[in-house]
Amino acid sequence: MTHERWMAKALQLAHLGLYSTSPNPRVGCVIVKDNQLIGQGWHQQAGGPHAEIHALRQAGDSARGATAYVTLEPCSHHGRTPPCADALIDAGIARVVGACGDANPQVAGQGYDKLRAAGIEVIENVLQGEARELNAGFLKRMARGLPWVRVKLASSLDGRTAMASGESQWITGAAARADVQNWRARSCAVITGVDSVLIDNPAMTVRPQDSHIEQDEHLWRQPLRVVVDSQQRLPLECRLLQQPGDVLWASTQAPLSTNREPKLGKLQQWQAPSLNGHVDLTALLKHLAQQGCNEVLVESGARLAGAFVNAGLVDELVLYQAPTLLGSQARPLLSLPFDHMQQQLRWHWHDVRQIGGDIRFILRPDNGPSI
Ligand SMILES: [Zn+2]
């Protein structure tokens, strides 16, 4: 098989960690000798063995002279576990094929350098695009100190979300709502605004039974739920605080004394820098990145989602569109008070598919950074 075929196998393994590896990247590894697979592994959870270690253990002594395919440059530093570059060298691996370099400044190039210095042949950038997509959040956080920001939206065919009166109900079908669970589960944090809490009182948790997520508790975790609430209007009896998992309450005010804690989780209050009287969203994202958040999902009303978009902070829109018309008086998708054509924000289609009876668009900004 070609390098690409083996790397595709390693990427499949890396995908198994989609919901569980954060703050670490999703990484897979296969070890091949005489065109036979002799070891495979993937990183499951932070603190646990890296993909290479699982694969080397399986290969045992046969690893000597073999080729290792890794979806991310092997680590060269002592983190919570010893460096994988050393383990590959000690096992007598002859060749390492990597999909993408690690943007972590503690690794960046040094993993490959260490292997080369030990006489191992290194081939880089095999299926690099696929590998970078899988860890877009981790790579962005390492390179820029910001998480990958995805905004989830649902609208009618005419781009509306609710009646002008505020009257609303589910527009999209059950399949689209189940699909949202997968985006939520792969995210380190889910961000909403206090207005959504006051209107809809959402739980914002992952419900594996409603999605494709394996229910094994080692394979997923509840994302941090973040409420943007400049003026501390969050009602402490809200559902958000009655569900499992941690909650971050971001406001521009000093923390309030409260002994209200989420079920099986912690309530952290964070006093954010203020920007025009609101929580500074860039500062919020930096704060989340510092806490190890690779991917965040914004699930909010038109105002907060519009503010993220208008500030140029969004990497991806996930828009579910239902084949229904809510009419010209209904509420718009995003609050973006533009007056001139030159203010328009151009996006391009990254993926378009039907989910149940709705269409799901994934869009990326034309002027966004390339992955
Ligand atoms: Zn490692």
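The values are calculated or read from the model by the stated rules, or taken from the named source; none is laboratory data. Bear in mind the structure is a predicted one, so any value in this text is a computation, not a measurement. Neighbour counts are summed over all protein chains in view; Cβ atoms, including those assigned to glycine, are modelled from backbone coordinates with ideal geometry. Quick note on the areas: whole protein, heavy atoms, side chains included, nothing else; ligands and nucleic acids left out. Shrake-Rupley method; radii C 1.70, N 1.55, O 1.52, S 1.80 Å.
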statement: Scanning segment 304-355 for residues that are closer than 23 Å to L288 by Cβ and of a type in the set (S, T, N, Q), the one most open to solvent (accessible area, probe 1.4 Å) turns out to be N310
task: Return the only residue of H43, H15 being out of contact with any helix residue (DSSP H, G or I) (no Cβ under 6 Å at 6 or more places or on another chain) and either within 13 Å of the ligand (Cβ to nearest atom) or not aromatic (F, W, Y) (or both).
output: H15
message: Any residue at all in segment 28-39 that's farther than 24 Å from C293 by Cα, of a type in the set (G, A, S) and either part of a loop (DSSP other than H, G, I, E, B) or without any contact (Cβ under 8 Å) to a residue 40 or more places away in the chain (or both)?
response: yes
query: Which of the residues that make up segment 70-98 are over 19 Å from F138 (Cβ atoms) and either in contact (Cβ under 8 Å) with a residue 12 or more places away in the chain or buried (at least 20 other Cβ atoms within 10 Å of the Cβ) (or both)?
result: D86, A87, L88, I89, A91, G92, I93, A94, R95, V96, V97
field: Tabulated pairs, segment 288-313, first of a type outside the set (A, V, I, L, M, F, W, C), second open to solvent by less than 30 Å² (accessible area, probe 1.4 Å) and assigned to a helix (DSSP H, G or I), C-beta under 7 angstrom, 6+ apart or interchain
entry: N294/G137; N294/F138; E295/G137; S300/S196; G301/S196
task: Pick out the one residue from G301, G245, G277 that is within 23 Å of S335 (Cα to Cα), surrounded by 18 or more Cβ atoms within 10 Å (Cβ to Cβ) and modelled with pLDDT under 95.
output: G301
- prompt: V149 passes all but one of (1) over 30 Å from Q290 (Cα atoms); (2) among the β-branched types (V, I, T); (3) within 18 Å of the chain's Cα centre (by Cα); which number fails?
  reply: (1)
Residue within segment 45-66 that is out of contact with any Ser or Thr (no Cβ under 9 Å at 6 or more places or on another chain), under 25 Å from G145 (Cβ atoms), open to solvent by 40 Å² or more (accessible area, probe 1.4 Å) and of a type outside the set (S, T, N, Q) present: no
query: Looking at A203, A162, which one is at pLDDT below 95, open to solvent by less than 30 Å² (accessible area, probe 1.4 Å), hydrophobic (A, V, I, L, M, F, W, C) and within 20 Å of D246 (Cα to Cα)?
result: A203
- request: Output the number of the condition that L288 fails; it satisfies all remaining conditions of (1) surrounded by fewer than 17 Cβ atoms within 10 Å (Cβ to Cβ); (2) under 20 Å from the mean Cα position of the chain (by Cα).
  value: (1)
task: Looking only at segment 256-269, count how many residues are surrounded by fewer than 17 Cβ atoms within 10 Å (Cβ to Cβ) and either touching a Phe, Trp or Tyr at 6+ places or on another chain (Cβ under 8 Å) or outside any loop (DSSP other than H, G, I, E, B) (or both).
output: 2
field: Answer residue from segment 54-95, given it is within 29 Å of the chain's Cα centre (by Cα) and assigned to a strand (DSSP E or B) and is farthest from the ligand (Cβ to nearest atom) among those
entry: Y69
